[in-house]
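The values are calculated or read from the model by the stated rules, or taken from the named source; none is laboratory data. Computed from a prediction, not measured in an experiment: that's the story for all the values here. With ideal geometry, Cβ positions are generated from the backbone for all residues, glycine too; neighbour counts draw on all protein chains shown. These accessible areas exclude ligands, DNA and RNA; they are computed on the full protein's heavy atoms, side chains included. Shrake-Rupley method; radii C 1.70, N 1.55, O 1.52, S 1.80 Å.
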Amino acid sequence: MSLERELLKRSGSVCELSGETENLKVYQVPKSPGTGIDAHILISQICLDQIENPESIDPNHWRCLNDSMWSEVPVVQVMAWRMLNRLKSEGWPQDLLDMLYLDEDRMAWAAATGEGDDPDEAIKHLDANGALLQAGDSVVLIKDLDVKGANFTAKRGTAVRNISLVHDNPEHIEGRVSGQHIVILTKFVKKT
């Protein structure tokens, strides 16, 4: 049986998100851990256009998620979660998200595209001047630092190349100084 026929059978020949019956398309959900029918949904052309072109989203069209989010099909739940997150600034989608439960594996799958991540809440590592630091950047120490446990002082002006970020603490970075791997406070470095 072809994938499209399997999807038509599973969905009852309607869009699995909106319930529409016209212009149905097979859509592969990005970052799916499975394959075949477990990684695809049947959606209308209207839904597809809005998923692929976020600037063309009509929030009222997506009120259909109030029904489809309760689907027992994991891939449909994941797409409903992603679209609700995309629209949560509208207000009503947040209420639906508060009701929607996804187990740990489905939540990891749903969040795999970064949908739902709040860029304002992401940890940002900033140097002494407020410049954004990223993994792989080079920095210069702006103060002499006593390195605990290594019994040496990292001198001001020392370049630290290819830094790595401490993901759970925005005030710490890691790098090599005098052959030692050390943790450095971001307030004592300047990006080069």
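Just give me the residues in region 1-40 being part of a strand (DSSP E or B), more than 21 Å from the chain's Cα centre (by Cα) and not basic (Lys, Arg), in sequence order.
Residues satisfying the conditions are 24, 26.
All but one of (1) surrounded by 16 or more Cβ atoms within 10 Å (Cβ to Cβ); (2) among the hydrophobic types (A, V, I, L, M, F, W, C); (3) modelled with pLDDT of 90 or more hold for residue 111, so report the exception by its number.
Failed condition: (3).
Just one of the numbered conditions (1) under 25 Å from residue 108 (Cβ atoms); (2) out of contact with any Asp or Glu (no Cβ under 7 Å at 6 or more places or on another chain) is not true of residue 23; which one?
(1)
How many of the residues in region 123-138 are open to solvent by less than 60 Å² (accessible area, probe 1.4 Å) and either in contact (Cβ under 8 Å) with a residue 24 or more places away in the chain or among the hydrophobic types (A, V, I, L, M, F, W, C) (or both)?
Final tally of qualifying residues: 8.
Which pairs have Cβ atoms under 7 Å, sit 6 or more apart or on different chains, and link a residue in region 19-30 that is over 15 Å from residue 64 (Cα atoms) to one that is small (Gly, Ala, Ser) and surrounded by 12 or more Cβ atoms within 10 Å (Cβ to Cβ)?
Filtered contacts from region 19-30: 22/44; 23/44; 24/44; 28/39; 29/39.
With the requirement that a residue be assigned to a loop (DSSP other than H, G, I, E, B), open to solvent by less than 40 Å² (accessible area, probe 1.4 Å) and modelled with pLDDT under 90, what does region 139-164 give you?
150
Of everything in region 180-192, what is outside any strand (DSSP E or B) and open to solvent by less than 60 Å² (accessible area, probe 1.4 Å)? Give them in sequence order.
Correct list: 186, 188.
Identify all residues within region 26-47 that are charged (D, E, K, R) and at negative phi; write none if there are none. Before the answer, list the steps.
The first filter runs over region 26-47 and keeps only residues charged (D, E, K, R), leaving 31, 38.
Of everything in region 26-47, just one residue is charged (D, E, K, R) and at negative phi, namely 38.
Looking at 53, 60, 85 in this structure, which one is surrounded by fewer than 15 Cβ atoms within 10 Å (Cβ to Cβ) and at pLDDT 90 or above?
60 is the lone residue from the list that is surrounded by fewer than 15 Cβ atoms within 10 Å (Cβ to Cβ) and at pLDDT 90 or above.
Whether any residue in region 69-77 is surrounded by 15 or more Cβ atoms within 10 Å (Cβ to Cβ) and at pLDDT below 90 is what I want to check.
no
In region 1-18, what residues are open to solvent by 40 Å² or more (accessible area, probe 1.4 Å) and touching a residue at least 40 places away in the same chain (Cβ under 8 Å)?
Selection gives 10 alone.
Can you work out which of the residues in region 165-174 that are in contact (Cβ under 8 Å) with a residue 12 or more places away in the chain and not in a loop (DSSP other than H, G, I, E, B) is surrounded by the fewest Cβ atoms within 10 Å (Cβ to Cβ)?
That would be 172.
In the list 167, 172, which residue meets the criterion of being under 34 Å from the mean Cα position of the chain (by Cα), closer than 23 Å to residue 124 by Cα and at pLDDT below 90?
Going through 167, 172 in turn, just one is under 34 Å from the mean Cα position of the chain (by Cα), closer than 23 Å to residue 124 by Cα and at pLDDT below 90: 167.
Would you confirm, using the coordinates I've provided, whether residue 33 is of a type outside the set (Gly, Ala, Ser) and over 20 Å from residue 10 (Cβ atoms)?
Spelling it out, it is not the case that residue 33 is of a type outside the set (Gly, Ala, Ser) and over 20 Å from residue 10 (Cβ atoms).
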